[in-house]
1. Which one is most open to solvent (accessible area, probe 1.4 Å), of the residues in segment 67-89 that are touching a helix residue (DSSP H, G or I) at 6+ places or on another chain (Cβ under 6 Å) and of a type outside the set (Asp, Glu)?
2. When the residues of segment 115-131 are filtered to those that are touching a Lys or Arg at 6+ places or on another chain (Cβ under 9 Å) and either assigned to a helix (DSSP H, G or I) or surrounded by 17 or more Cβ atoms within 10 Å (Cβ to Cβ) (or both), which remaining residue is modelled with the lowest pLDDT?
3. Considering segment 132-149 alone, what residues qualify as being modelled with pLDDT of 95 or more, surrounded by fewer than 19 Cβ atoms within 10 Å (Cβ to Cβ) and out of contact with any helix residue (DSSP H, G or I) (no Cβ under 6 Å at 6 or more places or on another chain)?
4. Name the single residue, out of those in segment 12-22 being in contact with a helix residue (DSSP H, G or I) (Cβ under 9 Å, 6 or more places away or on another chain) and either touching a residue at least 40 places away in the same chain (Cβ under 8 Å) or among the basic types (Lys, Arg) (or both), that is nearest to Ala80 (Cα to Cα).
5. Please verify whether segment 53-61 includes one or more residues that are surrounded by fewer than 17 Cβ atoms within 10 Å (Cβ to Cβ), closer than 20 Å to Ile83 by Cα and touching a Leu at 6+ places or on another chain (Cβ under 8 Å).
Amino acid sequence: MKKLEILCVGKIKEKYFTDGVDEYVRRLGKYCDATVVELPDSRDDGRAAETESEALLSRMNGFCILTDLRGKQLSSEEFATVIDGAYLHCPKVQIVIGGSRGVTDAVRARADALVSFGRMTYPHRLMRVIVAEQAYRAFSILAGSSYHK
């Protein structure tokens, strides 16, 4: 079975966000083995982005799609195509969400694809729900499901 991992920095405290992520991860189970891996966020000591990026790099071990403002903006169908193509290269796809302070260029260089979900800034916790939903939408598109209209 295909593996999908949402690799992110920080823990979500709000139940409504965790409920949203959990719902889409549950739905993804129809198509793949989906998990969320939360790495600890660092206190803001001026090196938080570097520390968090090092932690991300140590866990990036699949085909990595980094969510990044500098990435390419895609339609849902195009995102589905990226995910589908990724499985041709690797049995595990990781969608990486950096910390609220961003990631280093080393993380960008390690990523196999950079994807932007728009030029707007989203709350870090909400981004996890958006990524989980778009991953589910992508698998639904690839399966020909009616979810994506």
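The values are calculated or read from the model by the stated rules, or taken from the named source; none is laboratory data. Quick caveat, the model's predicted, so the values are computed rather than measured. Glycine also receives a Cβ, built like all others from the backbone with ideal geometry; neighbour counts cover every protein chain displayed. Heavy atoms of the whole protein, side chains included, go into the accessibility calculation; ligands, DNA and RNA do not. Shrake-Rupley method; radii C 1.70, N 1.55, O 1.52, S 1.80 Å.
1. Ser76
2. Per the criteria, the residue is Arg125.
3. Residues satisfying the conditions are Ala143, Gly144.
4. The selected residue is Val21.
5. Yes: one or more hits.
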